[in-house]
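Notes follow the structure.
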Amino acid sequence: MSRIRSINTTPELLVRSLVYRLGYRFPGRKKVIFVHGCFWHGHENCPKGKLPKSNLEMWEPKILRNQARDATTIKEVKSEGWKVMTIWQCELKNKNIDKVQKKIVRFLEK
Ligand SMILES: [Zn+2]
């Protein structure tokens with residue numbers, strides 16, 4: 001899906017290898033997992049998603065734009081019949097890996 005930016009960033013590779021190790025292959029499932037960096041995509045209620053206090057006037061519109069684009073992308077792919085799950089970067093910390101792995105399995109088994 002070429003319209004999804006920042007493909008092959010480290011968190012995405014991590015999720016990809018997780019999914020792969022769980023034995024899943026994406027083709028044919030019509031399911032897509034987005035991996036979002038907490039800062040750039042404005043993860044709500046997340047310490048890493050907070051805007052910096054300095055240069056707020058520069059950061060805020062950027063992050064809001066990214067969030068709007070995310071919402072549009074998700075709406076588009078859903079309207080094309082895809083099931084969507086978002087994984088946030090903070091969920092990929094070592095201590096959260098079991099949890100996120102379960103979340104992926106739940107999503108893909110649905
Ligand atoms: Zn986060």
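Classify the chain: rounded, prolate or oblate, from the alpha-carbon gyration tensor (a ≥ b ≥ c, eigenvalue square roots; a/c under 1.5 rounded; otherwise prolate if a/b is larger than b/c)?
oblate
Quick one: if the Förster radius is 35 Å, what FRET efficiency do LYS53 and ILE74 give, using the C-beta to C-beta distance and rounding to 0.05?
Once rounded, the FRET efficiency stands at 0.75.
When the chain is fully extended, how far beyond the present Cα-Cα distance does ARG106 get from TYR24, taking 0.36 nm per residue of separation?
Numbers: separation 82, 0.36 × 82 = 29.52 nm, distance 1.21 nm.
Between ARG106 and TYR24, full extension yields 28.3 nm more.
Dipole of the chain (Lys/Arg Cβ +1, Asp/Glu Cβ -1, origin at the Cα centre): which of VAL35, ALA71, MET58 lies farthest to the positive side?
Selected residue: VAL35.
Any idea what the dipole of the range 13-96 comes to, in debye rounded to 20, about its Cα centre with Lys/Arg Cβ at +1 and Asp/Glu Cβ at -1?
420
Between LYS93 and GLU44, what is 0.36 nm times their sequence separation minus the Cα-Cα distance? Round to one decimal in nm. List each step's numbers first, then the result.
Details: separation 49, 0.36 × 49 = 17.64 nm, distance 1.73 nm.
That pair, LYS93 and GLU44, stretches by 15.9 nm at full extension.
Of LYS53/LYS102; LYS31/LYS53; LYS53/LYS110; LYS62/LYS83; LYS75/LYS110; LYS53/LYS103, which sit over 31 Å apart, Cα to Cα? Display every interim value, and only then the final one.
On the way: LYS53/LYS102 35 Å; LYS31/LYS53 37 Å; LYS53/LYS110 41 Å; LYS62/LYS83 27 Å; LYS75/LYS110 19 Å; LYS53/LYS103 33 Å.
Where the Cα-Cα span goes over 31 Å, the pairs concerned are LYS53/LYS102; LYS31/LYS53; LYS53/LYS110; LYS53/LYS103.
Most exposed first by the Cβ proxy, i.e. fewest other Cβ within 10 Å, how do GLU60, GLU12, GLU80 rank?
Listing GLU60, GLU12, GLU80 from fewest to most nearby Cβ atoms yields GLU80, GLU60, GLU12.
The numbers here are math on the coordinates, done by the rules we state, and not lab data. Note that the structure is a prediction, hence the values are computed from the model and not measured. Positions of Cβ are generated from backbone atoms using ideal geometry, with glycine treated the same way; all protein chains shown enter the neighbour counts.
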